[in-house]
Amino acid sequence: MNKHESDTRPLSPHLTIYRPQNTSILSILHRLTGIGLMVPSMAIVALVLTIPMGPKYFELLVYFFSTMFGKFLLVLSLWGIIYHTLTGIRHLVWDSGRGIELKWVNISSWFIIIGSILLSGLIVFLLESS
Amino acid sequence: MRKLSFFINALFNGDHQKGTDHWVGQRITSVAIVPFVALFLIFFLMNYGSGYEEVKNYFLNPIINSLTILFFVLIFLHLKQGLEVVIEDYISKKLTREIFLKANAVLCNCMGLLGVLALLSIYFIG
């Protein structure tokens with residue numbers, strides 16, 4: 001294949017003509033949460049970095065995560081971590097050749113959707129009530 | 001021995017031209033991260049709202065400190081691997097893709113390194 005050809009080849013997912021199904025939606029969300037989890041990963045590094053820098057910086061970071069926007073990020077991150085882990089485990093199960101029948105894909109999809117919301121909701125509830 | 005060098009190559013070489021190595025590397029970090037996510041959620045729940053001194057003392061614990069170092073290495077390796085696949089999927093122009101892949105590798109490695117250095121400095125310098 002020459003260089004010109006490789007530059008003009010179409011991209012793989014043709015989202016505009018693709019009928020939404022729980023398989024495709026969950027797959028897209030797995031990717032999106034994966035990209036989005038960059039933010040909490042950096043936040044954790046930032047948190048650890050503030051400790052040698054001193055209490056002033058630590059308090060500043062804590063303050064940021066106590067604002068409405070900070071809390072929103074926190075809740076979204078929590079759900080993202082749980083969701084990405086659950087779909088990730090499902091990907092590993094798929095890689096082992098199990099659970100690829102449509103019936104199991106549908107069951108595990110709903111399990112992941114409901115499970116991730118319930119689990120992150122429970123954690124937020126426990127944090128708020130403590 | 002050959003198997004070991006294959007795993008090491010898959011994890012750290014990050015050669016995105018070698019599909020199988022990359023795929024295997026991504027599975028290794030995925031499996032390794034799963035228990036860490038559970039630990040992270042539990043520790044996050046237990047320590048949310050702690051003050052500066054508490055958090056500092058927490059990371060002065062050698063077990064917590066070294067586990068967190070391992071966690072950082074794993075998540076930033078995994079982040080790098082994942083973003084590599086995304087970049088390869090959506091950026092078809094070769095030069096732009098190469099630039100993004102390099103920037104991604106530098107960014108992820110630096111973030112991981114920064115986290116590890118911060119943890120080490122908490123433990124050894126205070």
Average accessible surface area per residue within chain B, 1.4 Å rolling probe, Å²: 57
Residue-normalised accessible area of the stretch A:41-130, given per residue in Å² at a 1.4 Å probe: 60
Three-way shape call for the stretch A:23-129 based on the alpha-carbon gyration tensor, with the a/c threshold at 1.5: prolate
Estimated vicinal HN-Hα couplings, Hz - the stretch A:98-104 in sequence order (Karplus 6.51, -1.76, 1.60; Gly, Pro = x): 9, x, 8, 5, 3, 4, 6
Ranked packing of B:116-123, B:36-43, B:71-78, most packed first, by mean Cβ within 10 Å: B:71-78, B:116-123, B:36-43
D_trans [Stokes-Einstein, Kirkwood Rh over alpha-carbon pairs] for the protein assembly as shown, 25 °C, 0.890 mPa s, µm² s⁻¹: 122
Whole-Å semi-axes of the ellipsoid equivalent to the stretch B:2-124 (Cα gyration tensor, √5λ, descending): 31, 16, 13
Residues along the stretch B:49-71 losing 50 Å² or more of accessible surface when the other protein chains are present rather than the chain by itself (probe 1.4 Å): B:TYR52
Local electrostatic count at B:ALA103 - Lys and Arg +1, Asp and Glu -1, tallied over other residues with Cβ under 12 Å: +1
Interface B:A - total buried accessible surface [probe 1.4 Å, Å², rounded to 100]: 3300
³J(HN,Hα) computed for each position of the stretch B:88-94 - Karplus, 6.51 cos²θ - 1.76 cosθ + 1.60, integer Hz, glycine/proline x: 5, 6, 9, 10, 8, 6, 4
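When ranked by the protection proxy of mean other Cβ atoms within 10 Å per residue, highest first, what sequence do the peptides A:36-49, A:77-90 form? Before the final figure, lay out the partial values.
Values: A:36-49: 18.3, A:77-90: 20.8.
Put in order of decreasing packing, that is A:77-90, A:36-49.
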Which listed pairs, of B:LYS3/B:LYS94; A:LYS103/B:LYS3; B:LYS56/B:LYS80, have C-alpha distances above 30 Å, in listed order: B:LYS3/B:LYS94; A:LYS103/B:LYS3
Degrees, to the nearest 10: A:68-95 long Cα axis against longest axis of chain A: 40
Largest to smallest accessible area among B:VAL106, B:VAL85 [probe 1.4 Å]: B:VAL106, B:VAL85
Unit charges on C-beta of K, R, D, E only; dipole of the stretch B:2-124, Debye: 380
Relative contact order %, the stretch B:2-124, counting alpha carbon pairs below 8 Å whose residues are six or more apart: 27
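The values are calculated or read from the model by the stated rules, or taken from the named source; none is laboratory data. Given the structure is predicted, the values throughout are model-derived calculations rather than measurements. When we count neighbours, we look across all protein chains shown, and the Cβ atoms used for this are built from the backbone with ideal geometry, even at glycine. Heavy atoms of the whole protein, side chains included, go into the accessibility calculation; ligands, DNA and RNA do not. Shrake-Rupley method; radii C 1.70, N 1.55, O 1.52, S 1.80 Å.
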